[in-house]
Amino acid sequence: MKLQIVKPKDLVAKNLKALIYGKSGIGKTYLAGSVKDALVLDLEKGSASVKNKDIDVVPIANAKEFKEVLEYLKTDTKYKTIVVDSITRYAEMLYVALTKLYPDKKDSMKLWGDFDVVSRQRLEDLLQIEKNIIVTALEEDVNDGGFLRKYPMYKASKFKMMIPSYFDLVSHLVIDEQGNRMMINEPTQDAIGKNRLVGFGIPNVISSNEELYDMQKIIDRIKMESKDGNR
C-alpha cells in the first residue's frame, strides 16, 4: 500500500470549508452566494437574497431530497462550490422525517439517537465532496461552560457543539456601531469562531466596507497565497 502524504495547508488551499452564522436577515445568504461557479442548495427558500444572481439554485423540500442531492454531487464536475442554506433548516427537516418514523413518544430516545447519527453522516457526506463548501446557519445562545455564547443553531444540543470542528472557517456575522457587517472569524467571549486561514492572509475580523468581505475573494486569496508560498 502506498501512503498518500498531504499537508493540512494543501487541503485547505484545494477546497475551503466555511460556516457562516448569525441572526436572521443579517446577510448570510448574500455573503455565501457571492461565489462564482456555485450551486446553492436552498432549504430556506431564500435564494432571492443571493448576491450572484446568475448562480444556480436547487430547492430542497425535505431531508430525503438533501441526501439525494449530496449523492449526486459526489460525481458532479460542473460546480466548484456548494452553498448550503441552511444547516439550521436541515435539522428541522430531519426532525420532521424522524417523527414520522417514530411517532410514539416512548421512542424518543431512538429518535434522538438516529437524529445524532444521521446529522453526523450528512455533514460528513457534504464535507467529503471535493469542492468548496459554504454552509449557513442561524445563531442561538448556548450554555458553554456556564457562560452564554452564540453558536450555529442546530436542533440537537450535543451535535451542535461539535459542528464548528468540521470547518476551516467559522464566521459569526454581526453589525457594528457604524452599521457595517462584520465577519468575526475567531472565538470571542460572546460567540464561537474559528480561523485556520490566517496563514493564507485571511484576518480574524473582516468588515463589509473592506474588499475581502466576499467569499469568492476569500477563496481567491487562499489560492493565491498558496501558490506564492510554493514558489
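The values are calculated or read from the model by the stated rules, or taken from the named source; none is laboratory data. Given the structure is predicted, the values throughout are model-derived calculations rather than measurements. Neighbour counts are summed over all protein chains in view; Cβ atoms, including those assigned to glycine, are modelled from backbone coordinates with ideal geometry.
Here are the numbers:
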{"read-out": "The range 160-175, residues that are farther than 12 Å from K150 by Cβ, touching a Phe, Trp or Tyr at 6+ places or on another chain (Cβ under 8 Å) and buried (at least 20 other Cβ atoms within 10 Å of the Cβ)", "value": "I163"}
{"read-out": "All positions within the range 28-62 that are modelled with pLDDT under 85, assigned to a helix (DSSP H, G or I) and polar (S, T, N, Q)", "value": "S47, S49"}
{"read-out": "Residue selected from the range 2-27 under the condition at pLDDT 80 or above, among the aliphatic types (A, V, I, L, M) and closer than 27 Å to G199 by Cβ, by the criterion surrounded by the fewest Cβ atoms within 10 Å (Cβ to Cβ)", "value": "L16"}
{"read-out": "Sole residue being under 19 Å from the mean Cα position of the chain (by Cα), part of a helix (DSSP H, G or I) and modelled with pLDDT of 90 or more, chosen from Y79, Y90", "value": "Y90"}
{"read-out": "Checking E124 against (1) exposed (fewer than 12 other Cβ atoms within 10 Å of the Cβ); (2) assigned to a strand (DSSP E or B), the condition it does not meet", "value": "(2)"}
{"read-out": "Only listed residue being assigned to a loop (DSSP other than H, G, I, E, B), without any contact (Cβ under 8 Å) to a residue 40 or more places away in the chain and either under 19 Å from R89 (Cβ atoms) or within 17 Å of the chain's Cα centre (by Cα) (or both), chosen from E186, E211", "value": "E186"}
{"read-out": "Search result, residues across the range 151-183 that are free of Cβ contacts under 8 Å to residues at least 60 places away in the same chain, closer than 30 Å to Y95 by Cα and among the aliphatic types (A, V, I, L, M)", "value": "M161, M162"}
{"read-out": "In the range 176-195, residue surrounded by the most Cβ atoms within 10 Å (Cβ to Cβ) [restricted to those that are of a type outside the set (S, T, N, Q) and within 19 Å of E211 (Cβ to Cβ)]", "value": "M183"}
{"read-out": "Cβ pairs under 9 Å, 6+ apart, first in the range 70-88 and more than 13 Å from Q128 (Cβ to Cβ), second aromatic (F, W, Y) and part of a strand (DSSP E or B)", "value": "S86/Y21; I87/Y21; T88/Y21"}
{"read-out": "Restricting the range 198-211 to residues that are within 17 Å of A32 (Cα to Cα) and not β-branched (V, I, T), the residue that is surrounded by the fewest Cβ atoms within 10 Å (Cβ to Cβ)", "value": "E211"}
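To keep it simple, each residue is scored yes or no on (1) modelled with pLDDT under 90; (2) over 22 Å from G27 (Cβ atoms); (3) β-branched (V, I, T).
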residue	(1), (2), (3)
L94	no, yes, no
P103	yes, yes, no
M109	yes, yes, no
V117	no, yes, yes
N132	no, no, no
A156	yes, yes, no
Y166	no, yes, no
